[in-house]
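The values are calculated or read from the model by the stated rules, or taken from the named source; none is laboratory data. Given the structure is predicted, the values throughout are model-derived calculations rather than measurements. Cβ placement follows ideal geometry from the backbone for every residue including glycine, while neighbour counts extend to all protein chains displayed.
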Amino acid sequence: MECLTGQPAIQGSNVAEVFQKQLNPADVPLPPSIFGHSLGKVLNRVLEKNHTRRIASAALAYEEFSKINFNTLVGQVQPQKETALQSDDATEVNQLVWRSAHSEKRQITVLCAKLILSVSDHAVMDMETLETIQKDQLHLCKDVGVRFGAHISGVMADTIVMCFGYPQGSDNDARRAGRTALELIGQLQKRSTLLFANHGVALEIRIAMNSGTVLIKHNTAPEGLVTNTAFNLLYTTPPGQILATATTRKLLDAHLEFEEFTTKEFSGIVNATDVYLLTGERQTEALSNLSPRSADQKMIGREKEQKQIFTTWESIQSNNGKAIVIKGQAGIGKSKLIYETKKQLINNEFIVRECRCLPEHQNNALHPVFEMLKRDIGIHDPELVIPHLEEALKEANCDTEKAIPIICSWFSIPLGDSYQVSEASPTEQKEILYDALEKLVFHIDTHKKFTVIIEDLHWIDPTSLDFLSTIISKLDQKNFFLLGTARPEFKYDWNSENISEISLQTLDQIATESLIKDILSQQPIASAALDYIVEKADGIPLFIEDLTRMLLEEKYLVQEEGTYTLAQSFDATSVPVTLKGLLNARLDHIGFAKETAQLAAAIGREFTYDLLVKSSLHDEGMVQTNLNALMDANLIYHHRKVQNEKYVFRHALIRDAAYDSMVSLLKQEVHGRIAETIESDFDDMVRDNPFELAEHYANAKSYEKAIHHGLNKTKFSIRRSLNQEAYNESLKCLEWIEQCDEGITSWKNELETNRIIIPALMVLEGYGSEQIEVFSKRAMQLEELLKDDVDFMETFQSSGADHTSNWGLAQYHHMRSNRKEAMYLCKAMIRKARKTETRQNLLDSLPLMGMFVTTDGFLPEASAHFEEALSLYNKDLDVEIAFRNGIDPKVHAHVNYAFSLALQGDIEAAKRHVKEGRDWAIQIEHVPSIAITNVYFIQIAWLTRDEKWIEELNGISTTFFEEYPEMGFLAEYSNVYNYWRIGKTENQEGFSEMRIVSKQTYLHSYLEGVLIDTLSNLKLYDQAIERAKNAIKWCENSDEKAFLSSLYHMLANAQCAKQGKISDTEVELFETAIEIAKKQGAGILELHACNAYKSWVKDQQKEEIISKRIESLN
């Protein structure tokens, strides 16, 4: 290199500076003239300071050198008849690439960086050392710029000016400038930390960027307004930030993230408001064509699938959105297909927004959705979250007064003094949140169709999946494209004609061979070598790529006479035979960096630089070196940000391999360090996702701490009606509790966990779920074990928690038709509540007792229980009971009172009560309570046999259950009445069988009556008779007597219809039905029996008696 330039490769004003540069990890800068030439590549490898990547011997260097074709190096490396260039000018204009002898206009991007050193009062450092440090940092800036293709226009004091697009221009000039700016910020921030720790010297960098058209003359660096604007903008740039003008933002907006920045007017800027902070890369840019080699690799073997994607995309017209789920095993190429698709969409100037589901966030509700929207809105500074949200929500026509407090509450964002904490119920909060997020998603682009990408759906959290279902249900009304990826085990129930699925298979032999040849830059490869890779890789793209590269790196695949062949020294037994083994081998080859990879893997697929450094046992310099080694090995990629920069494992399998390479004791120690670091230094992580911290503590076997943080998250989930999350998290907590020593502490934790899991189960599986019995009984056992801890039990009982387990168990027995057990528990609860004067517990128990008494057939007695409950209810104090027991007691009393009144024949009063219950459920926005009112409304409608009313109510009910699929266990209780209306028996018979199998048989006799009536209407009398007889036997065995009258009269009616006349047997059945109904006070059931009886009786005297009875009932 010295022969080429006429200068020493490493220069300095004194020996100390030369030594310092030699020891500096930064690469030796090369003349830009040979960038990209094979000579430059050889020099890079010879001058590499990392010995593991440097050419190991002179013989190898000579071998590489002898392959260089110097005929392709034309022109002069530096101008003739000029003195040797000084180091500051080492990246002067490359005369070799200049082609025009005239001036020309060209668009360039100018980057100006200002470095400021500040020395602490305690630092002892001479001027020479300070100047050396400053020069070293300026050299670093130049090296980074040159690496990204910059032309160094000049250095003035502590400021460096770079041009992108000169002397050669390309489509990527602005993108390379943006990458350079982010890289400089990241590098200088890390160096500043180290310098301050070692020498008491802090570095500060400010960067400004501007793009525009300039007039370029031969042998003259660009100058003028474009450069001046960037230079002047430096003086308004905040420390550690990057400012860009509107022209630069326009060029980069598809690739980098910006937010608005207001500054005072200053010289060189025409419109001072058009200035923006560059905050980081979009995820698409983190794997762009400037990224590691995997992004550059040509996509092979997926042409058919990509064509299907773009055919679907092209078919999207206004209000006709589409969705595709791409499924395939790990390493099959899902992300590559997505990446190539989004790259093409972005190049065609369509907006693409994306998010990734991560295993470490499976219990973090809506994490991928909100992270995507934050990037879309431009939220990067925690101090500016609310202003950005306000602007975005207003543009999307959202009520900011309602939405912002709830969004801040859900995502742990400090609310400040501008807004009041929302007083909405958890269910109402969830609806407002969904509405706001939905509007933000659909507002991503209001002018033309756009794409939303969600990767790794198999790791999606339940609430995000629920929200996604809401979005998908409106596909046909919107103008957007949803692309998702998932492994084969991911299941979904999105019933939409606008959704399709692509299943990726392994590559065939032709595609596999093409991919191998592409990795080898289309160089010839011997058949034996090709067949070896094809056979081993099994058509999995990730395996093909990594196996081929490993063979190259290990010199097992070498070129002989221009053809790649297996080396004579090749030992097949030394090559891993599985993808996992290959990934482990790659990790073994990165030396000490493997330890950092293991620590990063314990954090997660995605990890921040700060958490990694603070959790590591190594100093920051070593961690930086290891990260560079991991990036060089193409194991991770860097997601550059001005603040909180992140790294991501290139593939989930690489992360798994790194994690699994740790022995159990090391895993335990590493997770412990991570957990302690998070708790001591990262308050935002503790606040935003305590369950992630809990899992780190659990993996460290610090189970007490894991349970503490885990329970904090479960309480958050249940209060926000995130029942699936609460259930999953509670099960995890119970696993951790099992690992603790049995005793008072573990009993308290288990009791607290049961308090959360029982109401979650009531919503998810119904009141008759077997697990409710298990957890309720265990809660009672725990209460008995803890009875001597007076203070704890007083607190526990005052919160109503002990009552919840008893209430749940009573409801469980009722749903399973265990009449005696249910009644015994309910009476005990009422006695205890009256004795202890616990109003809420009494209030909560009375509707239950009224329901039990109604089911037993004592209708007037039931009314007293419902009326007392309604008189006790306090709307300001008792709403919270709904979230403890799964139903609001006021709603519970109203709907069951309504059913009892309807059975007694007072339909108008019944309608009034169920409407009051429904109105209250809607007002407090408690979804399970609303669901119950839907069921009772249509249940009462069937008693009147009003088909039009049933049809109307069915429409309301269907819409509701489509919106809240988690309440699906109640949907069939509503659907049966519509099946009666349309004469459909198959679904009713299936539901009947399901009730018997699951043993959730409450209302079984009533619902069997609906099916029997349907069968009779269809003239299927034999089936109706058989079912009626079986239902009567079931009633007598279960003591569910309230609906026995209906079954007797339906049996009599079916038998009469079958034989075409009435006999003494049917007379007895009809009269039994009437007598039972009269005894119970069930006026409407008596009326039904009388009407049916009258239609068959032939005795005039008896007919007159029945008619009078009917008249009195009406």
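Scan the stretch 809-821 for residues that are small (Gly, Ala, Ser) and either under 17 Å from Trp1034 (Cβ atoms) or in contact (Cβ under 8 Å) with a residue 60 or more places away in the chain (or both) and jot them down. So that I can check it myself, show each step before the final result.
Here is the first cut: in the stretch 809-821, the residues small (Gly, Ala, Ser) are 810, 817.
Listed by number, the list holds a single entry, Ser817.
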Exercise. Within the stretch 113-129, is there a residue that is at pLDDT 85 or above, in a loop (DSSP other than H, G, I, E, B) and assigned by TED's automatic domain parsing to the domain that holds Leu234?
Worked result: no
Seminar exercise, completed: The residue that is surrounded by the most Cβ atoms within 10 Å (Cβ to Cβ), considering only those in the stretch 504-555 that are over 30 Å from Glu489 (Cα atoms) and among the polar types (S, T, N, Q), is Gln523
For this session: Identify all residues within the stretch 687-729 that are part of a helix (DSSP H, G or I) and of a type in the set (A, V, I, L, M); write none if there are none.
Result: Leu693, Ala694, Ala698, Ala706, Ile707, Leu711, Ile718, Ala726
Seminar exercise, completed: Those residues of the stretch 560-574 that are within 18 Å of Leu515 (Cα to Cα) and among the polar types (S, T, N, Q) come to a total of 2
Problem set entry | Per-region count, the stretch 1082-1106, residues outside any helix (DSSP H, G or I) and more than 59 Å from the chain's Cα centre (by Cα) | 3
For this session: Residue by residue through the stretch 1004-1019, note down the ones that are farther than 15 Å from Ser1038 by Cα and either of a type in the set (Ser, Thr, Tyr) or not assigned by TED's automatic domain parsing to the domain that holds Ala1092 (or both).
Result: Thr1014, Ser1016
Seminar exercise, completed: When (1) within 41 Å of the chain's Cα centre (by Cα); (2) surrounded by fewer than 20 Cβ atoms within 10 Å (Cβ to Cβ) are applied to Val976, the one that fails is (2)
For this session: Kindly indicate whether any position in the stretch 749-763 is out of contact with any strand residue (DSSP E or B) (no Cβ under 7 Å at 6 or more places or on another chain), among the hydrophobic types (A, V, I, L, M, F, W, C) and touching a residue at least 60 places away in the same chain (Cβ under 8 Å).
Result: yes
Exercise. For Ser721, are the conditions met, namely being crowded, with 23+ Cβ neighbours inside 10 Å and on the phi > 0 side of the Ramachandran plot?
Worked result: yes
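Residue by residue, here is whether (1) assigned to a loop (DSSP other than H, G, I, E, B); (2) assigned by TED's automatic domain parsing to the domain that holds Thr237; (3) crowded, with 19+ Cβ neighbours inside 10 Å; (4) over 29 Å from the mean Cα position of the chain (by Cα) holds:
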| position | (1), (2), (3), (4) |
| --- | --- |
| Ala597 | no, no, yes, no |
| Ala600 | no, no, yes, no |
| Val613 | no, no, yes, no |
| Met622 | no, no, no, yes |
| Asn626 | no, no, yes, yes |
| Leu630 | no, no, yes, no |
Problem set entry | Filter result for Asp888 (of a type in the set (D, E, K, R), under 18 Å from Met815 (Cα atoms) and surrounded by 24 or more Cβ atoms within 10 Å (Cβ to Cβ)) | yes
Exercise. In this structure, does Glu260 turn out to be surrounded by fewer than 21 Cβ atoms within 10 Å (Cβ to Cβ), under 22 Å from Glu281 (Cα atoms) and touching a helix residue (DSSP H, G or I) at 6+ places or on another chain (Cβ under 7 Å)?
Worked result: no
Problem set entry | Whichever residue in the stretch 637-678 is among the small types (Gly, Ala, Ser) and assigned to a helix (DSSP H, G or I) and, among such residues, is surrounded by the most Cβ atoms within 10 Å (Cβ to Cβ) | Ala658
Seminar exercise, completed: Those residues of the stretch 787-817 which are modelled with pLDDT of 85 or more and either in contact with a strand residue (DSSP E or B) (Cβ under 8 Å, 6 or more places away or on another chain) or aliphatic (A, V, I, L, M) (or both) amount to Leu809, Ala810, Met815
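Restricting to the stretch 497-518, and then to whatever is under 33 Å from the mean Cα position of the chain (by Cα) and part of a loop (DSSP other than H, G, I, E, B), can you tell me which residue is nearest to Ile326 (Cα to Cα)?
Step one: of the stretch 497-518, the residues under 33 Å from the mean Cα position of the chain (by Cα) are 497-507, 515.
When the remaining residues are screened for being part of a loop (DSSP other than H, G, I, E, B), the result is 497-498, 504-507.
Details: Glu497: 16, Asn498: 14, Leu504: 7, Gln505: 11, Thr506: 14, Leu507: 16 Å.
Step by step, filter the stretch 497-518, then rank; the result is Leu504.
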Exercise. Among the residues of the stretch 195-212 satisfying the criterion of being over 18 Å from Pro239 (Cβ atoms), part of a helix (DSSP H, G or I) and of a type outside the set (S, T, N, Q), which is nearest to the chain's Cα centre (by Cα)?
Worked result: Ala197
Exercise. Does Ser746 meet the test of being of a type in the set (Gly, Ala, Ser) and within 30 Å of His814 (Cβ to Cβ)?
Worked result: no
Exercise. Residue check: is Phe450 touching a strand residue (DSSP E or B) at 6+ places or on another chain (Cβ under 6 Å), at pLDDT 90 or above and closer than 22 Å to Glu314 by Cβ?
Worked result: yes
Exercise. Tell me, which helices (runs of 4 or more DSSP H) wholly within the stretch 302-381 include 2 or more residues that are under 16 Å from the mean Cα position of the chain (by Cα) and of a type outside the set (Lys, Arg)?
Worked result: 367-377
Exercise. For the subset of the stretch 850-862 comprising residues that are in contact (Cβ under 8 Å) with a residue 24 or more places away in the chain and in contact with a helix residue (DSSP H, G or I) (Cβ under 6 Å, 6 or more places away or on another chain), which member is farthest from Ala833 (Cα to Cα)?
Worked result: Gly857
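Can you tell me which residue is nearest to Ser769 (Cα to Cα) among those in the stretch 989-1004 that are in contact (Cβ under 8 Å) with a residue 12 or more places away in the chain and of a type in the set (Gly, Ala, Ser)?
Residues of the stretch 989-1004 that are in contact (Cβ under 8 Å) with a residue 12 or more places away in the chain, as a first pass: 989, 991-992, 994-995, 998-1004.
Remaining after also requiring of a type in the set (Gly, Ala, Ser): 992, 998.
Working: Ser992: 17, Ser998: 8 Å.
Result: Ser998.
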